[in-house]
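Heads up: the structure comes next, in structure tokens.
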Amino acid sequence: MKKKLIAGNWKMNGSLADNEALVRALVAGLASAGGCDVAVAVPAPYLAQVQALAQGSALALAAQDVSQHAAGAYTGEVSAAMLRDFGVRYVLVGHSERRQFHDETDADVATKAQRALAAGITPIVCVGETLAEREAGQTEAVVKRQLAAVIHLNGHCISEVVVAYEPVWAIGTGKTASPEQAQQVHAVLRAQLAAASDQAPRIRLLYGGSMNAGNAAQLLSQADIDGGLVGGASLKAADFQAIIAAAQ
Ligand code: PEP
């Protein structure tokens, strides 16, 4: 059976001291929880610290972004090979904050996913509509377009990718998609994956957008929700652990 994946996204938060306390608590809790996979996507400067703290545990390391380029004159960028050097297992690509504040296009997202896969890192490809797009009845069209960009990556099967549905209006706003709203979109994505690959049932589709200790169980019980991408609630050990417990 497919294990659920709970991935925390720390965004631009953390400090050496806070990270140490949080990761130590998570690692201690994970010793007794083997029913789902767990990862934390940390800011790049903390990759080495969290790699060392998580060494030998079930906590997987994730990055929040990866360069489209392999190497060279790209000041400030971090390549997939560099992430691999730190034992990074997953990388977020196409997070709405990257699409919104860094003008990342679907084509950029596809290139980044391709770079990650080539380095042996699983991309977590984020898709999701804005409030204006939802209100205009465009949710399906938007998420299908975003997923289509990564569905046929050169030399790779879509089953090597994790997909996260994150309605933009639910990210960091405290507004969660209802379990039914989320499942409806997940079913659309699953059908699109099924049309492209016979591996569709084993592709993990995460929900993200104000997932917390109180709403996780209901969201995670939906037929096509295979885990969560968790922002704010991943910064507090007790909250993140409650979400992990709901995914067991
Ligand atoms: C995210 O950053 O991917 C996210 C879902 O954030 P939050 O849980 O805070 O809405």
Quote the charge dipole size of the chain about the Cα centre in Debye, to the nearest 20; the model charges only the Cβ of Lys and Arg (+1) and of Asp and Glu (-1). 460
Dimensions of region 4-246 along principal axes (Cα, Å, largest first)? 45, 45, 33
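For region 4-246, give the percent of accessible area contributed by carbon and sulfur heavy atoms, probe 1.4 Å, rounded to a whole number.
Numbers: 5380 of 10290 Å².
Ligands and nucleic acids excluded, carbon and sulfur give 52 percent.
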Taking amide H positions as placed 1.01 Å from N in the peptide plane, with prolines and chain starts having none, which residues 5 or more places from Gly227, or on another chain, fall under 5 Å of its amide H? Leu5, Tyr207
Work out from phi, with θ = phi - 60° and the Karplus expression 6.51 cos²θ - 1.76 cosθ + 1.60, the ³J(HN,Hα) of each residue of region 83-88, listed in order in whole Hz, and give x for Gly and Pro. 4, 4, 4, 9, x, 5
Residue by residue through region 37-53, the couplings from Karplus 6.51 cos²θ - 1.76 cosθ + 1.60 with θ = phi - 60°, in Hz, x for Gly and Pro, are 8, 9, 9, 10, 9, 10, x, 3, x, 9, 4, 5, 4, 6, 4, 5, 5
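Subtract the Cα-Cα distance of Ala187 and Ala237 from 0.36 nm times their separation in residues, and report this length gain in nm to one decimal.
14.9 nm
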How far apart, in nanometres, would the label points at Lys144 and Asp106 be if each is projected 7 angstrom from Cα along the Cα-to-Cβ direction? 1.1
Direction-averaged shadow area of the convex hull around the Cα atoms of region 131-206, nm²? 5.3
Convert each backbone phi in region 76-81 into a coupling constant with the Karplus relation 6.51 cos²θ - 1.76 cosθ + 1.60 (shift: θ = phi - 60°), then list the ³J(HN,Hα) values in order as whole Hz, x for Gly and Pro. x, 8, 10, 7, 5, 5
If you take every DSSP beta bridge whose two residues both sit in region 4-246, what share of them, in percent to the nearest 5, is antiparallel? 0
Taking H as built 1.01 Å from N, whose amide H comes closer than 5 Å to the amide H of Thr122, not counting residues under 5 places away? Tyr90, Val91
Arranged from highest to lowest average of other beta-carbon atoms within 10 Å per residue, in what order do the peptides 172-183, 87-98, 42-53 appear? 87-98, 42-53, 172-183
Relative contact order (%) - criterion: Cα under 8 Å, at least six apart; region: the chain: 21
Of all the C-alpha pairs in region 191-239, what % are more than 14 Å from each other? 55
Cut-off under 5 Å, modelled amide H: who pairs with Ser57 long-range: none
FRET efficiency (Ala31, Ser221; Cβ distance; R0 25 Å; to 0.05) is 0.50
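The values are calculated or read from the model by the stated rules, or taken from the named source; none is laboratory data. These figures come from a predicted structure and were not determined experimentally. Note that each Cβ is placed from the backbone with ideal geometry, even for glycine, and that neighbours are counted across all protein chains shown. Quick note on the areas: whole protein, heavy atoms, side chains included, nothing else; ligands and nucleic acids left out. Shrake-Rupley method; radii C 1.70, N 1.55, O 1.52, S 1.80 Å.
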